[in-house]
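Down below is the structure, laid out as structure tokens.
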Amino acid sequence: MRTRWKNAPSRPLVAGVAILALGLVAVPARASHRVKQTLSATDTDQDARGRAQLVLQTDEDGKFDVIAKKLDPDHTFDVIVNGVKVGTLTTTGGGSGRARFRTSPRSNDDQLLGFDPRGATVVVRNATGEDVLTGTVPDDTDPNEVACCLTGDHGGETEVECEDRTADECAAEGGTVAASASCIPNPCPGAPPPAEEVICCIPDQGADDTGVECEDRTSDECAAQGGMVVTATSCDPNPCAPTAPAPEIVCCVPHQGNPEEGLECETLTAQRCTDRGGTQSTATSCNPDPCQP
């Protein structure tokens, strides 16, 4: 929650509250909030390690990190949130990488945090369409709270900010309940946007075969439609569409527990089948088992 100033010329001094010469009182801001989640390796790269972490300084201001280790070195991976490609992660020669997203990017290394990852599935996918890390970020939001748009005077300037409030608290403070349930991206009309128009990724709403529709929207319009704001300048090519998942085949692979037991049938990507020393079957299913003599 951002520190908010209110006229209070007659209030007594309270510990931890600074009274300025102009008679303004600063309400203490909410402490930063963290949400962490370990990302699990898939069969594609069982040595991979990763984690995702969201840090909120206020309800509308924060950063989100996706950190990976033991991936293929010098490779670029898609970072996918609930089916939407929100950015990329590039590894070093040692196979480590970090994708950092901020609501207000500070450098060229920062990507735009135009989505709320809480409760979302995060996937790191390689260039061949194979998921290497996956996990669901815990949703610790209060179901009784809404995104409340509040107008305040900050240093002589009128600002619109978004804060989590109950509907009653929002109304009592003269606020307006936003159409979006989250303050990320800021859903309040008139709030300072990352750009006048942004690229908005909207999942599963009459989209093409990518499953994600790309549209030019303002930040508040994007939030109202349940979209995610991404770092891009155009919808052509579609920046919201992740690398298509690699197709799976029926593969006969040596038994992992005991190779002497012969072959077992699994559905794998072609690359994974090769890596496991398997052979592609002409069958379309493992039932009945086509790998048994």
Would you check which residues across the range 75-111 are over 13 Å from Asn126 (Cα atoms) and within 12 Å of the chain's Cα centre (by Cα) and list them? Val81, Asn82, Gly83, Val84, Val86, Ala99, Arg100, Phe101, Arg102, Thr103, Gln111
From Pro237, Pro242, grab the single residue that is closer than 14 Å to Glu130 by Cβ and of a type outside the set (Val, Ile, Thr). Pro242
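Looking at Ala147, Ala178, Ala172, can you tell me which residue is over 18 Å from Gly62 (Cα atoms), open to solvent by less than 50 Å² (accessible area, probe 1.4 Å) and of a type outside the set (Val, Ile, Thr)?
Ala178
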Go through (1) open to solvent by 20 Å² or more (accessible area, probe 1.4 Å); (2) under 19 Å from Val137 (Cβ atoms); (3) modelled with pLDDT of 95 or more; (4) not β-branched (Val, Ile, Thr) one by one and return the number of the condition Ser96 breaks. (2)
Can you name the condition, by its number, that Thr136 falls short on among (1) modelled with pLDDT of 90 or more; (2) buried (at least 22 other Cβ atoms within 10 Å of the Cβ)? (2)
By residue number, the members of the range 72-86 that are within 27 Å of Cys149 (Cβ to Cβ) and open to solvent by less than 60 Å² (accessible area, probe 1.4 Å) are Val81, Val84, Val86
Can you work out which of the residues in the range 262-293 that are part of a strand (DSSP E or B) and closer than 26 Å to Ile80 by Cα is most open to solvent (accessible area, probe 1.4 Å)? Thr267
Taking the range 243-261, which residues are outside any strand (DSSP E or B) and open to solvent by 30 Å² or more (accessible area, probe 1.4 Å)? Thr243, Ala244, Pro245, Pro247, His255, Gln256, Gly257, Asn258, Pro259, Glu260, Glu261
Collect the residues in the range 50-71 that are surrounded by fewer than 19 Cβ atoms within 10 Å (Cβ to Cβ) and at pLDDT below 95, keeping them in residue-number order. Gln57
Within the range 25-42, restricting to residues that are modelled with pLDDT under 85 and open to solvent by 30 Å² or more (accessible area, probe 1.4 Å), the one that is farthest from the chain's Cα centre (by Cα) is Val27
Report, ordered by the first and then the second residue, all pairs with beta carbons closer than 7 Å, sequence separation of six or more or different chains, a first member in the range 271-288 that is at pLDDT 90 or above, and a second member that is hydroxyl-bearing (Ser, Thr, Tyr) and open to solvent by 50 Å² or more (accessible area, probe 1.4 Å). Cys286/Thr267
Taking first residues from the range 142-154 that are of a type outside the set (Val, Ile, Thr) and part of a strand (DSSP E or B) and second residues anywhere that are surrounded by fewer than 12 Cβ atoms within 10 Å (Cβ to Cβ) and at pLDDT below 95, the pairs with Cβ under 8 Å that are 6 or more apart or on different chains are Leu150/Gly174; Gly152/Thr158
Report yes if Pro117 is in contact (Cβ under 8 Å) with a residue 12 or more places away in the chain, open to solvent by 30 Å² or more (accessible area, probe 1.4 Å) and in contact with a strand residue (DSSP E or B) (Cβ under 8 Å, 6 or more places away or on another chain), otherwise no. no
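The values are calculated or read from the model by the stated rules, or taken from the named source; none is laboratory data. Model, not experiment: these values are computed from the prediction. Note that each Cβ is placed from the backbone with ideal geometry, even for glycine, and that neighbours are counted across all protein chains shown. Ligands, DNA and RNA are excluded from the accessible area calculation, which covers all protein heavy atoms including side chains. Shrake-Rupley method; radii C 1.70, N 1.55, O 1.52, S 1.80 Å.
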